[in-house]
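The values are calculated or read from the model by the stated rules, or taken from the named source; none is laboratory data. Worth saying up front: this structure is predicted, and the values here are computed from it rather than measured. Cβ sites come from the backbone with ideal geometry, for glycine too, and all protein chains shown count toward neighbours. Note: areas computed on protein heavy atoms with side chains; ligands, DNA, RNA excluded. Shrake-Rupley method; radii C 1.70, N 1.55, O 1.52, S 1.80 Å.
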Amino acid sequence: MDIRMKIVSYVIITLLMLVSRNISAKEIPIEAFSAGSKYSQVKISPTGEYLSFTSEVEGRDSLVVVELSTNKIINVVRFSGNSEVGYYEWINNERLALQKLYLRGWTDHPLYYGEIFGIDADGSGGKYLVGYQGEMQTGSRLKKATPVYGYSYILDPLVNDKKHMLVYTIPWSASKEPTTVVYRVNVKTGVRKRITRSPSRMAAFLTDNQGQVRISLSTDDYINQTIHIRDNDKDDWKKFELNANLTDINLHAFDGTGKKVYITASESGEAKGVFELNLESGKVNKILQDQVVSPKKLWVDSVNHELFAIELEPGYPTYAFVDNKAKMTQRLKDLIQSLPGDQIQLVSSTVDANTSVVFAHSDINPGAYYLYHADKNQLQFLFNAREGIDFRLMAETKPVSFKARDGLEIHGYLTLPFNKEAKNLPLVVMPHGGPHGPRDWWGFDSDAQLLANRGIAVLKVNFRGSGGYGRAFEHAGHQKWGSAIQHDIIDATKYVIEQGYADPKNMCIMGASFGGYSALQSSIIEPDMFKCAIGVVGVYDLPLMFEEGDVAETSSGQRFLKQVLGTDEAKLKAYSPSYNINKLKAPVLIVHGGDDERAPIEQAESLIDALKKAKHPHEYMLLENEGHGFYKPEHRTKYYKRVLAFLDEHLVL
């Protein structure tokens, strides 16, 4: 294939991206950063007749279907009342299945209750397929779509089967960790047949290239995992003896023969690798192992279900290819060369693999969508994911790495203001949430770009305890929330000062969730380092975590808290900002959601009571109807305005 592919409607913009950063910096309105994506979940129908995407219409996400031959919108799917469209799939050439979400009064975050609807591309044939409001079976011999009491998700759309899809359900039951069930569901009527029940609790399933449910991965304690296999849908499950010492296993795809499965897993606590699991011999073959990071995503061909690429992000994003001769591998390589500077992803393709939806994004580009036509070797621009963002004015983000005080290598990202000398800059340190599981990535981030647009450098740190670097690195942060993790954040700050990027007398720290905790705890450990601290939906009282919040409600949640925090009350209080305000010098801004279940309002109240008692300078912003994060753009705008005003008061900008 000639990599000099034709690019339709985007030649001028592409050239601008390459050569036109020589413009003056200017202040971009806050609303451009607080707005969400205008287009998301962009997909092409199996035969390529339609393009679909979700977009906000009158305050709620709706599903839009476009007929490509005419470029006309032929259907907009909107639920009535307080409902909106969630995740969806094309389940055959003419029909889609979509989740129904609810916007409830006590929270602005959409909630999912397991309901799946079906509708034709042209808007006809709407039907409630799966959910608790199904039809009751009475004396009629005609089978009906009876209620399903549980959270249901599409397992396999079975695009080559016009009548059915596979759905797996996590039942609502007295057990917090129930066994899961797989159903074959008629996409027109909702009538279903149970295909299998998981052989153990909370199982994940994987289908082969023929849509057969062949492998199950389950756990009874969220630590030890068990694999079960079978030859086809009619066989019983049998336990699979894994001839390797692997942990943190995830199932991804069968190979073309149907005899091997690609998995990700960790050896000896290292970053996850990609392995090929032979279901006949039990042998495990390592395909790829990065020395630093686990794979970000494994890309599977939506047509033949085969793995073709592994996405990694040790610093800047990169790909490793499983089969260099595969059609999707060659396509992705050509697109990467045709759109330099962007990370390229093939997010949807037709069954004949002729047409693909392409998503291109970067640290300065929130994302643009294209259609690639293989028969014409042509790339057609569709639309930008977000409006109001001029990529030419955005700040570049660079990876950084350094040795912490105990010699452990730590990675992070530094965003530097556009058109400003990268020397002695005002700095905001922005620790991520979690802390266990999440990590920071290279890419466009509204929080960092807003601050950089106002002339502030932003530092993000993947401290010990972060996900993505292996179990050993993540466990190194267990019971070290208030000590070693904070030392990594502080050492990262000292590193960028030593490199000349930041003015040591002009720095603040802010974060959300665990990042909010870190903003306060780092300021307590190093009271003279930061001019201000901003805690957003944070936890500040560690003993309180065992009593309040959704994590504390389950037995598995209690086990998790004991593992990552420990049970030493004195140590927990020593690591809690609420109990150590006497060591704090920086003025504080606390922002919280009134309906936060992860870090409940009691966490903010514990800190505020301590700040008041100590007569410590602080401000408090409560968003009554928000949860653990801010869902509504208007709320994000208010939040951003308050943050900028607070930073302007305490930093020299």
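Quick one: accessible area per residue over the chain, 1.4 Å probe, rounded to a whole number of Å²? Mind dumping the intermediate values first?
Working: 27940 Å² over 653 residues.
Counting only protein heavy atoms, the per-residue value for the chain is 43 Å².
Using a basic spin-label model with each label point 7 Å from the Cα along Cα→Cβ, how many nm lie between Gln563 and Lys188?
It is 4.8 nm.
I want the local charge near Thr415. Using Cβ-Cβ distances under 11 Å, sum +1 for each Lys or Arg and -1 for each Asp or Glu among the other residues.
-3
In whole percent, and with a 1.4 Å probe on the protein chains, what portion of the accessible area of segment 349-406 is carbon and sulfur? Walk me through the intermediate numbers first.
Details: 890 of 2090 Å².
That share works out to 42 percent.
When Rg is the radius of gyration of the Cα atoms in the chain and Rh is its Kirkwood radius, what does Rg/Rh come to?
0.96
Between their Cα atoms, which of Lys297/Lys333; Lys460/Lys494; Lys43/Lys72; Lys505/Lys615; Lys72/Lys127; Lys127/Lys632 are more than 20 Å away from each other?
On the way: Lys297/Lys333 17 Å; Lys460/Lys494 13 Å; Lys43/Lys72 16 Å; Lys505/Lys615 24 Å; Lys72/Lys127 24 Å; Lys127/Lys632 30 Å.
In this structure, Lys505/Lys615; Lys72/Lys127; Lys127/Lys632 exceed 20 Å between Cα atoms.
Tell me, in nm to one decimal, what length is gained between Lys162 and Lys259 on full extension, where the rule is 0.36 nm per residue of separation less the Cα-Cα distance?
On the way: separation 97, 0.36 × 97 = 34.92 nm, distance 2.62 nm.
Full extension of this stretch gives 32.3 nm more.
Over the residues of segment 36-83, compute the C-alpha Rg and express it relative to 2.2 N^0.38 Å.
1.18
Using the basic label-point model (7 angstrom from Cα toward the beta carbon), what is the Lys234 to Arg405 distance in nanometres?
6.7 nm
Looking at segment 48-128, I'd like the Rg to Rh ratio, where Rg is from alpha-carbon atoms and Rh is Kirkwood's inverse mean 1/r.
On the Cα set of segment 48-128, Rg over Rh gives 0.98.
Give me the Kirkwood hydrodynamic radius of segment 264-330, using the inverse of the mean 1/r over all pairs of distinct Cα atoms, in Å to one decimal.
12.8 Å
Would you work out what percent of the accessible area of segment 161-319, with all protein chains in place, is carbon or sulfur (probe 1.4 Å)?
Values: 3270 of 7440 Å².
With neighbouring chains kept in place, the figure for segment 161-319 is 44 percent.
Could you give the length gained by full extension between Arg642 and Glu387, i.e. 0.36 nm per residue of separation minus their alpha carbon distance, to one decimal place?
Between Arg642 and Glu387, full extension yields 89.5 nm more.
On full extension of the chain, what length is gained from Ala320 through Asp220, given 0.36 nm per residue of separation minus the C-alpha to C-alpha distance?
Net length gain for the segment: 32.6 nm.
Report in % the part of the accessible area of segment 434-550 that belongs to carbon and sulfur, leaving out ligands and nucleic acids; probe 1.4 Å.
Carbon plus sulfur share of accessible area: 45 percent.
Find the percent of Cα-Cα distances in segment 499-618 that exceed 22 Å, and round it to a whole number.
Percent of Cα pairs beyond 22 Å in segment 499-618: 33.
Taking Cα atoms of segment 397-538, Rg/Rh with Kirkwood Rh, to two decimals? Show your work: numbers first, answer last.
Working: Rg = 13.7 Å, Rh = 14.7 Å.
The Rg/Rh ratio comes out at 0.93.
Quick one: net charge around Lys327, please, counting Lys, Arg +1 and Asp, Glu -1 for every other residue with C-beta under 12 Å from its C-beta.
On the way: positive: Lys325, Arg331, Lys333; negative: Asp301, Glu306, Asp323, Asp334, Asp352.
For residues surrounding Lys327, the net value is -2.
Cα gyration tensor of segment 195-353, axes a ≥ b ≥ c as square roots of the eigenvalues: rounded (a/c below 1.5), prolate (a/b > b/c) or oblate?
oblate
Starting from the Cα of Ala614, move 7 Å in the Cα-to-Cβ direction to define the label point; list residues of segment 560-593 whose amide nitrogen is under 20 Å from there.
The answer is 569-592.
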